[in-house]
Amino acid sequence: MASEALDQYCGSQFWDNALSWNTTAPDLTECFEATVLVWVPCGFLWVFAVPHLVSLYSSQKPSLLPSWHFRAKLLLSLLLFAVCLADFGYAVYEWHHSSAFVANAHFVQPCVLAASMFLTVVLVQIEHERGFHSAGLLLTFWLLIVAFALVSMQTQIRLAVKNGAVASTYRFVSLCVYTALSLPQLVLACLSDPAPAHVLLDEGESPCPEEKSSFLSQITFWWFTPLAILGYKNPLTQDDLWNLKPDDLCKNVTPHFDGYWEKEMLKVKRSKAVRKAEAASGLAVEPVYEASLLWVMAQTFWKTLTASGFFKLINDCLMFISPMLLK
């Protein structure tokens, strides 16, 4: 039923085993590319945009000054937004001025992409205002967009070679422009915004480079390479080491810890007062509430612990699935 609904939605076959599976030159159907290859990256962006925005607005970092990196990302996202709107306009034009059938996918696909491109504009602006030099959400989104756009482009090239001409000149040119604009967005997402903070920060003589490194550099620990090379050549001394990140300094961590610890101490005081009243009334006295250091630590570092647990879960699942796939 789902496959039939998608066939009707696209105006063509959603899945073809002869084309995608039982062949020496596998490819995907145009319907699959217009649905799954669009919905997956856009769905990923919209789902994870919510926790990302929460993280952004909870940040205490000062905003960054405008830079070429920031302006280029905004410009490319706006151009992609315009391309998607143009695709929707072309579908409406075809529907009004052509006798050919225009599938619903030609209306929905550009709208979904346009909304996602506008969301990237919003995220880039907020990241800049909240002092983020790089973020993994947009990097993953642009990686998926570029990968799937290249898949769609090779499909259109195969069909053009097979049929001797492209099915729609406008849509082929639009896809080429869309892919050409997405590629530099991916490159920019791999780089860190070089803009300094709007407010001059006291980072000391040896600030930690992790804070201003790109997300790609952080997950590969490339930012640590200079110190590793230095330690390989000569024994490291205290002067060679970097300062701690601002988020890891005691003066920034202690206030959060103290706030949760004071709440635990308040629970202890209330528990003692209640138990004292129970004893005076001759009622059964229950044990006094004991402060939980573990619970305070979990409340203070829940973001780090949650992220670590999530990635550990993915790692364990992949290790479990790998032998099954090899069978």
field: Identified option (computed P(r) over Cα pairs in 10 Å bins from 0, in percent; candidates [x] 6, 29, 37, 23, 6, 0; [y] 5, 17, 23, 20, 15, 11, 6, 2, 1, 0; [z] 5, 23, 30, 23, 12, 6, 1, 0)
entry: [y]
Leading residue at positive end of dipole, the stretch 24-171 (Cβ point charges), from 126, 86, 111: 126
- request: Give, in nm to one decimal, the length gained when the segment between residue 308 and residue 257 is fully stretched (0.36 nm per residue of separation minus the Cα-Cα distance).
  value: 16.4 nm
task: Read phi for every residue in the stretch 214-224 and hand back ³J(HN,Hα) as whole Hz from Karplus 6.51 cos²θ - 1.76 cosθ + 1.60, θ = phi - 60°, with x for Gly and Pro.
output: 6, 4, 4, 5, 5, 6, 9, 6, 5, 5, 7
- request: Using the 4.7 Å Cβ rule, please list in number order the cysteines from the chain without any candidate partner.
  value: 42, 84, 111, 176, 190, 208, 250, 317
query: Amide H to amide H under 5 Å from residue 192: which residues, 5+ apart in sequence or cross-chain, H placed 1.01 Å off N in plane?
result: 214
- prompt: Cα centroids of the stretch 102-132 and the stretch 301-322: how far apart, whole angstrom?
  reply: 29 Å
message: At a 10 angstrom cut-off on C-beta neighbours, averaged per residue, how do the peptides 245-254, 296-305 rank from highest to lowest?
response: 296-305, 245-254
message: Along each principal axis of its Cα atoms, how long is the stretch 243-323 end to end? Whole angstroms, biggest number first, please.
response: 64, 40, 12
message: I'd like the Karplus ³J(HN,Hα) series for the stretch 139-149: coefficients 6.51, -1.76, 1.60, θ = phi - 60°, whole numbers in Hz, and an x wherever there's a Gly or Pro.
response: 4, 5, 4, 5, 5, 5, 4, 5, 4, 6, 5
Note, ³J(HN,Hα) from phi for the stretch 48-64, Karplus 6.51, -1.76, 1.60, rounded to Hz, x at Gly and Pro: 8, 5, 5, x, 5, 5, 4, 5, 5, 6, 8, 6, 9, 6, x, 5, 9
query: Using a basic spin-label model with each label point 7 Å from the Cα along Cα→Cβ, how many nm lie between residue 170 and residue 317?
result: 4.1 nm
statement: For the stretch 83-232 the mean separation of alpha carbon contacts under 8 Å (6+ apart) over residue count, i.e. relative contact order in percent, is 24 percent
query: Using bins 10 angstrom wide from zero, how does P(r) for the stretch 73-208 break down, in % of all Cα pairs?
result: 11, 34, 28, 15, 8, 3, 1, 0
task: Would you pull out the residues with amide H under 5 Å of residue 29's amide H, same chain only if 5 or more places away, H placed 1.01 Å from N?
output: 16
task: Run the quick spin-label model on residue 280 and residue 325: label points 7 Å from Cα toward the beta carbon, then report their separation in nm to one decimal.
output: 6.7 nm
message: Test of understanding: what is the full-extension gain from residue 229 to residue 301, defined as 0.36 nm times their sequence separation minus their Cα-Cα distance?
response: 22.8 nm
All-pairs alpha carbon distance profile, the stretch 126-266, 10 Å steps from 0, percent: 9, 23, 23, 19, 13, 8, 3, 0
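Where does each of 225-237, 95-107, 177-189, 37-49 land if you order them by average Cβ count within 10 Å, highest first?
177-189, 37-49, 95-107, 225-237
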The stretch 233-293 and the stretch 1-24: distance between their alpha carbon centers, rounded to Å: 59 Å
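Over the chain, give the accessible area per residue in Å² for a 1.4 Å probe, as an integer.
The answer is 64 Å² per residue.
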- prompt: Which entries in 251/272; 212/251; 61/269; 233/312; 276/303 show an alpha-carbon gap greater than 30 Å?
  reply: 251/272; 61/269; 233/312; 276/303
- prompt: Of all the accessible heavy-atom surface of the stretch 65-136, with the other protein chains kept in place and a 1.4 Å probe, what percent is carbon and sulfur?
  reply: 69 percent
Size of charge dipole - the stretch 180-294 - debye, nearest 20, with Cβ of Lys, Arg +1 and Asp, Glu -1, no other charges: 620 debye
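If I stretch the segment between residue 241 and residue 27 completely, what's the gain in nm (0.36 nm per residue apart, minus their alpha carbon distance), one decimal?
Result for the pair: 71.9 nm of gain on full extension.
The values are calculated or read from the model by the stated rules, or taken from the named source; none is laboratory data. These figures come from a predicted structure and were not determined experimentally. Please note: Cβ atoms are built from the backbone with ideal geometry, for glycine as well, and neighbour counts cover all protein chains shown. Heavy atoms of the whole protein, side chains included, go into the accessibility calculation; ligands, DNA and RNA do not. Shrake-Rupley method; radii C 1.70, N 1.55, O 1.52, S 1.80 Å.
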